[in-house]
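Colleague: Got a structure here, written out as C-alpha cells. Questions coming.
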Amino acid sequence: MQYYRFSGHETFICKQFWPKKGYDFLTSDNKFSDEDAVVKLGVGKNMVNSIRFWLRSMSLIDKNDQTTNFAKLIFDDKGFDPYLEDIGTVWFLHYLLVSTGYASLYNIIFNEFLKIKNEFTKVSLQNYLKRLSTNKDGGFYNEKTVRNDIAVFLRNYLQSENETKNSNIEDDYSGLFQELDLIKRFEQQGLDRNMEKYYLIEREDRTSLPKEIFLFTMLLNNRIGDSVSLNELVSDYNSVGNIFLMNRNGIYQKIEELLADFSFLSFNQTAGVPLLQFEGKPDPYKVLEKYYENINIHTFN
C-alpha cells in the first residue's frame, strides 16, 4: 500500500542553517527527544521536530536519528561544505529531498505532477493530491494538512509573500532552496475575473548545476546500469531530468561537459537511440570529492 506523508515539518520551511545545526547537535551525543533539546538547539519545541523532519527528508539522518554518510561528508566541521557556501551542495540536497521520498509532496511533484501540468494554483495542486490519495486503497487525505504542506513547499523554493500569519523576515530570506530558481510565481485573471496566484515550474538548461553533481546523482541512482538513454535521463522516475527540471538540451550540454573530463564515459547512438555508457563506473564519492577539491572551499581530508 502506498503511504503518503504530508506532515512533520510543523509548517516551518527548511532554513539554511538547520542541517548544520542538527548535525552538530546529534554528533555531540544529543537526541531530539532530550528534555533540553530546545535549549541546546536554541529553537522552540515545534522547530526541534521540524529540524528532525528535514534532516530525515534529505537522508541526513536515518530512522533512528543516526547521522548518515551524506551528512558527515557535507556538514562535518571538516566536511565538503558545512556552511552551504556552494550552490552545488544545495542542488545535491534538493536531489536527496526529492529522491528519498520521505517528504511525499516533493517526490510526487517532480516525478508525477509536472508530467501532467507545469502551471498550477495551490487549489489545482491540492485537488490533484486529493485524487491521488483517495485513489489508493486505504488512502488518507486531510485537507488542512495538505494545504499546509503545499504552502511550505512553495516557501522552500520561493521568497515568502507573507501569505501566512507565521511568516517573518527570517522566513523570507532563509529558505534553503530559493537560489535554485526552480519555481516562478505570477498572477492571472481567473474565471471570476479576480486575480489569482499561479506557479510555473519549467524544464530549463540549469547552468548553475555543476556537472559533477549531475554525474554524482546519476551514479547514485541504482536504476542506472552500465548505460542509460537520453530519454531515461529526461523523464524516468527520480531521473536527473525530473529532479533537476532539466530539458533535453540541458542534459545534453552536461553530458558534453562530462565527456571532456571523464574518460569512463562515452555517448553514442545505438539503434538510433542516444545512449550514455559507463565503462567501469567510478566510486561516486570520488567524483564528489574531486568537485569540492576543485572549488576549494572544504577542509575535508
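The values are calculated or read from the model by the stated rules, or taken from the named source; none is laboratory data. Since we're looking at a predicted model, the values are computed, not measured. All Cβ positions, glycine included, derive from the backbone under ideal geometry; neighbour counts span all protein chains shown. Surface accessibility is based on the protein's heavy atoms, side chains included, excluding ligands, DNA and RNA. Shrake-Rupley method; radii C 1.70, N 1.55, O 1.52, S 1.80 Å.
Colleague: At 1.4 Å probe size, what's the solvent-accessible area of Arg131? Round to the nearest 10 Å².
Modeller: Using a 1.4 Å probe on the heavy atoms, I get roughly 130 Å².
Colleague: While we're on this one: For Lys290 and Asp65 in the same chain, what is the full-extension length gain: residue separation times 0.36 nm, less their Cα-Cα distance, in nm?
Modeller: 78.1 nm
Colleague: Where in the chain are the helices, taken as whole DSSP H runs, whose Cα atoms extend 15 angstrom or more along the long axis and whose Kyte-Doolittle mean reaches at least 0.0? Please report the intermediate quantities before stating the final value.
Modeller: Working: long enough: 45-57 (18 Å, -0.40); 87-100 (20 Å, 1.36); 122-134 (18 Å, -0.56); 143-157 (22 Å, -0.51); 248-261 (20 Å, -0.66); 284-295 (17 Å, -0.94).
Helices meeting the criterion: 87-100.
Colleague: Kirkwood-based Rg over Rh for the stretch 217-301 (C-alpha set), two decimals?
Modeller: Ratio of gyration radius to Kirkwood radius for the stretch 217-301: 0.98.
Colleague: Distance from the Cα centre of the stretch 1-43 to that of the stretch 208-226, in angstrom?
Modeller: Centre-to-centre distance over Cα atoms comes out at 28 Å.
Colleague: A further question on this structure: Can you pull the percent of the stretch 2-161's accessible area that's carbon plus sulfur, 1.4 Å probe, other chains left in place?
Modeller: Details: 3080 of 7140 Å².
Carbon and sulfur atoms account for 43 percent of the accessible area of the stretch 2-161.
Colleague: Given a cut-off of 20 Å, name the pairs among Lys15/Lys40; Lys20/Lys63; Lys20/Lys290 whose C-alpha atoms lie farther apart than that in the structure shown.
Modeller: Over 20 Å Cα-Cα: Lys20/Lys290.
Colleague: Let me ask another. Give me the one-decimal nm value for the distance between modelled label points at Lys115 and Leu200, 7 Å along each residue's Cα-to-Cβ direction.
Modeller: 2.4 nm
Colleague: Still on this structure: For the chain, with a Gaussian network of springs between Cα atoms less than 10 Å apart, report the residue from Gly22, Gly241, Gly79 with the top mean-square fluctuation.
Modeller: Gly79
Colleague: Show Arg203, Arg5 ordered by accessible area, largest first, where the area counts protein heavy atoms only and the probe is 1.4 Å.
Modeller: Values: Arg203 90, Arg5 65 Å².
Largest accessible area first, the residues go Arg203, Arg5.
Colleague: Which three lengths, in whole Å and largest first, does the chain cover when its Cα atoms are put on their principal axes?
Modeller: 54, 53, 38
Colleague: Which whole-number percentage describes the relative contact order of the chain, with Cα contacts under 8 Å and a sequence gap of 6 or more?
Modeller: Once divided by the residue count of the chain, the mean separation gives 18 percent.
Colleague: Also, quick follow-up: Based solely on C-alpha atoms, express the radius of gyration and the Dmax of the stretch 38-78 in angstrom.
Modeller: For the stretch 38-78, the Cα radius of gyration and maximum Cα-Cα distance read 10.9, 30 Å.
Colleague: Only Cα pairs within less than 10 Å get springs; with that Gaussian network setup on the chain, which residue of Phe186, Phe244, Phe12 has the largest fluctuation?
Modeller: Phe186
Colleague: In addition: Please list the non-local residues whose amide H lies under 5 Å from the amide H of Glu196, H modeled 1.01 Å from N, same-chain partners needing a gap of 5 or more.
Modeller: Sorted by chain and number, the residues that satisfy this are Gln188, Gln189, Gly190.
Colleague: Among Ser57, Ser239, Ser263, which one shows the highest mean-square fluctuation when the chain is modelled as a Gaussian network with alpha-carbon springs under 10 Å?
Modeller: Taking springs between Cα atoms under 10 Å, the residue moving most is Ser263.
Colleague: Taking one equal scatterer on every alpha-carbon of the stretch 1-57, how large is log10 of I(q)/I(0) by Debye at q = 0.24, 0.25, 0.28 1/Å?
Modeller: Ignoring solvent entirely, the Cα scatterers give -0.94, -1.00, -1.22.
Colleague: Something else now. What would the Debye equation give as log₁₀ I(q)/I(0) for the stretch 10-97 at q = 0.12, 0.13, 0.16, 0.20 Å⁻¹, counting only Cα atoms as equal point scatterers?
Modeller: -0.31, -0.37, -0.56, -0.90
Colleague: Per residue and in cubic angstrom, what volume does the convex hull of the Cα atoms of the stretch 88-133 have?
Modeller: So the per-residue hull volume is 83 Å³.
Colleague: Please give, to one decimal in nm, the separation of the simple spin-label points placed at Glu256 and Gln189, each 7 Å out from Cα toward the Cβ.
Modeller: Output for this residue pair reads 4.3 nm.
Colleague: Using a 7 Å offset from the Cα along the Cα-to-Cβ direction at both Thr27 and Ala271, what is the distance between the two label points in nm, to one decimal?
Modeller: Calculated label separation equals 4.8 nm.
Colleague: Below 19 Å, Cα to Cα, which lysines can Lys117 reach? Residues fewer than 8 away in the same chain don't count.
Modeller: Output for Lys117: Lys130, Lys184, Lys197.
Colleague: If you don't mind, there's one more thing I want to ask. Given bins 5 angstrom wide, list per bin the percent of all Cα-Cα distances in the stretch 65-147, short to long.
Modeller: Bins of 5 Å from zero give 3, 12, 17, 18, 15, 9, 11, 10, 3, 0 percent of pairs.
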